[in-house]
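A short write-up of the structure that comes next.
The values are calculated or read from the model by the stated rules, or taken from the named source; none is laboratory data. Keep in mind the model is a prediction, meaning the values are calculated, not measured. Ideal geometry is used to build each Cβ from the backbone, glycine not excepted, and the neighbour counts take in all protein chains shown. The protein model used for the area step is the full one, side chains on, heavy atoms only, and it has no ligands, DNA or RNA in it. Shrake-Rupley method; radii C 1.70, N 1.55, O 1.52, S 1.80 Å.
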Amino acid sequence: MAQKTKDEPVVEDNLDDDPPTPAISVPETGDAGEGGKLKMIVSLVKKCLGVKDIATMRLSLPASLLEPIPNLEWSQYLDRPDLFAAVNDSDDPFERMLAVLRFTFTKDLKYVSGRVFKPYNSVLGEHFRAHWDVVPVEYKNPPIVASSSKSNSNLNVDAASVKSGKSSKSAFSAISSRKSPSTAATSLGDDALNAQMSNLDLQSNKIRIVYVTEQVSHHPPVSAYFATCPARSLELSGIDQVSAKVAGTTIKVSPGGFNKGLFIHIKDGNGKGENYQVTHPVASVNGILRGSFYITVGDTTIVSCTGGKPGSKFRAITEYKEESWLGKARFRLEGIIHLVHESDAAKAEGWKSIKDVPRSLVVAEFDGSWRGAIRWRRVGSGSYMDTTSSSSSSPGPVHESLPRSNATSKADLSIDSEYETLIDLSQLEVIPKQVRPLEKQLPDESRKLWETVTNKMVSKEFGEATKEKVAIEQRQRDAAAERKKAGVEFVPRYFDKDISNGVAILTEEGRKAIEEELAEPHAYHIAGSEGAKLSAS
């Protein structure tokens, strides 16, 4: 057993073993309607009362309680890959922090534009890969995301759906409850331009983001993931693990011990060498007893920046406001961006809330709704370049604002700016991913692995789907027993087995998978085409 340090999880040698407890199962009620599902959900919640961490339990759920999509495909943070690709666009470090915040607020956009459900549980060694070809975000004043005009319906939109190996519809479009935004541009600011493009423009302007993830542990359930956008010198990685428990009539979901957040690395370009860490907040699944699920978010998200040029850095704290027991949920948040001087770097790690940060270091503040519009404004002059400095390449904390002020000194600058829109999540849709067809996928690749279960569920043969699901889970247990008997340790295929620092490291096979995904032929997502829910693709 590895040594455990403060606030670090223990890395067990037998991560893939089942917990030493019997599986908790919920039998089918025979009622495939919403009433039958609600009865099974209530039964499951009762069995989970008092359990410290539901995620570590052996749960055997009937297929009728699940949605036909693999967990590795569903639980990813690139709902808006175009905003991830925009992180390194600006030569202004303050603007880069704003770009990271925009990406952060969209990483779970699926919970804004879709409903809450339970995907398949991942099995050990299961993996998933995909890519997106997106139009780059334009950063002007205000910043905008370009929208395409209605397109030729003969173009291929989205790869094979998770619900059918032959369908062109995205799995996300099937669950979205929002109207199609095919004719409207999506704004990140207040007065965005409506950028209409030809199909030729889309083909020439798109950049690719690729993604690979693998289930690297069965107990506890842990996956590793990696994404890259070579055209923008960006990498994203992390370890996904959640801890869940029943609290009253809600299920509270928080990051597991290995989950340190998302890690963004800028390899080259404007922010060369910078590393951003984005921590996860705590979420709650509400409405369980009514069978009408919705998400609320609490606690904080912290975005910290290290590396890059020497000097002070920016750091952001977002606080999600507690919901009242009375009335509707408001989904409110507020936050700040503040300076971290090199001499205060260690001290700043202890600043976990807005009130912890000295007011003199705050350079911007923002507030709004994580399901709607979020506004921001500058505070003081710490986010502007020192125009009296003799060094034009100073890496210090103050920098040029866009557009440039005509002021000759910081004293001439307005202390507090007017509020501007940072992002309006209510106007954004999840961008569908492109996935290789089933005939090109490996046996342990998510859609291929769960193909039979998915087909049975789509056909509403829930009893047969449950049998197929149980067979897959039993094969995993049998394989684990064989490894234990032979004294063989499970070794992930695409990622290094050491996940203790929360960063996913690709193996040679992982790098090969990334290269293969980068080389996949183009298929274009065009707004207005069947199944493409793209307000801004």
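Determine, yes or no, whether Ile251 is open to solvent by 20 Å² or more (accessible area, probe 1.4 Å) and in a strand (DSSP E or B). It is true that Ile251 is open to solvent by 20 Å² or more (accessible area, probe 1.4 Å) and in a strand (DSSP E or B). Can you pull out every residue in region 74-85 that is part of a loop (DSSP other than H, G, I, E, B), in contact with a strand residue (DSSP E or B) (Cβ under 9 Å, 6 or more places away or on another chain) and either without any contact (Cβ under 8 Å) to a residue 24 or more places away in the chain or open to solvent by less than 10 Å² (accessible area, probe 1.4 Å) (or both)? Hits for region 74-85 are Gln76, Leu78, Arg80. Scan region 125-152 residue by residue and report those that are assigned to a loop (DSSP other than H, G, I, E, B) and at pLDDT 95 or above. Answer for region 125-152, where residues must be assigned to a loop (DSSP other than H, G, I, E, B) and at pLDDT 95 or above: Gly125, Glu126. Checked against the criterion of being charged (D, E, K, R), at negative phi and open to solvent by less than 30 Å² (accessible area, probe 1.4 Å), the candidates Glu461, Glu516, Glu473, Glu489 yield just one match: Glu473.
Restricting region 462-491 to residues that are more than 32 Å from the chain's Cα centre (by Cα) and not in a helix (DSSP H, G or I) leaves a set whose member that is nearest to Pro221 (Cα to Cα) is Val488. Taking residues in region 100-117 that are over 20 Å from Ser90 (Cα atoms), and partners anywhere that are among the basic types (Lys, Arg), the pairs with Cβ atoms closer than 7 Å and at least 6 places apart or on different chains are Leu109/Arg80; Val112/Arg371; Ser113/Arg178. Looking only at residues of region 95-118 that are hydrophobic (A, V, I, L, M, F, W, C) and part of a helix (DSSP H, G or I), we find that the one that is farthest from Val363 (Cα to Cα) is Val112. Scan region 266-325 for residues that are modelled with pLDDT under 90, closer than 27 Å to Gly368 by Cβ, open to solvent by 40 Å² or more (accessible area, probe 1.4 Å) and part of a loop (DSSP other than H, G, I, E, B) and the total you get is 6. Taken together, Ser343, Ser312 contain a single residue that is of a type outside the set (A, V, I, L, M) and in contact with a strand residue (DSSP E or B) (Cβ under 7 Å, 6 or more places away or on another chain), which is Ser312. Suppose the filter is open to solvent by 30 Å² or more (accessible area, probe 1.4 Å) and over 20 Å from Phe84 (Cβ atoms); does Phe263 pass it? Taking the combined requirement at face value, the residue does not satisfy it.
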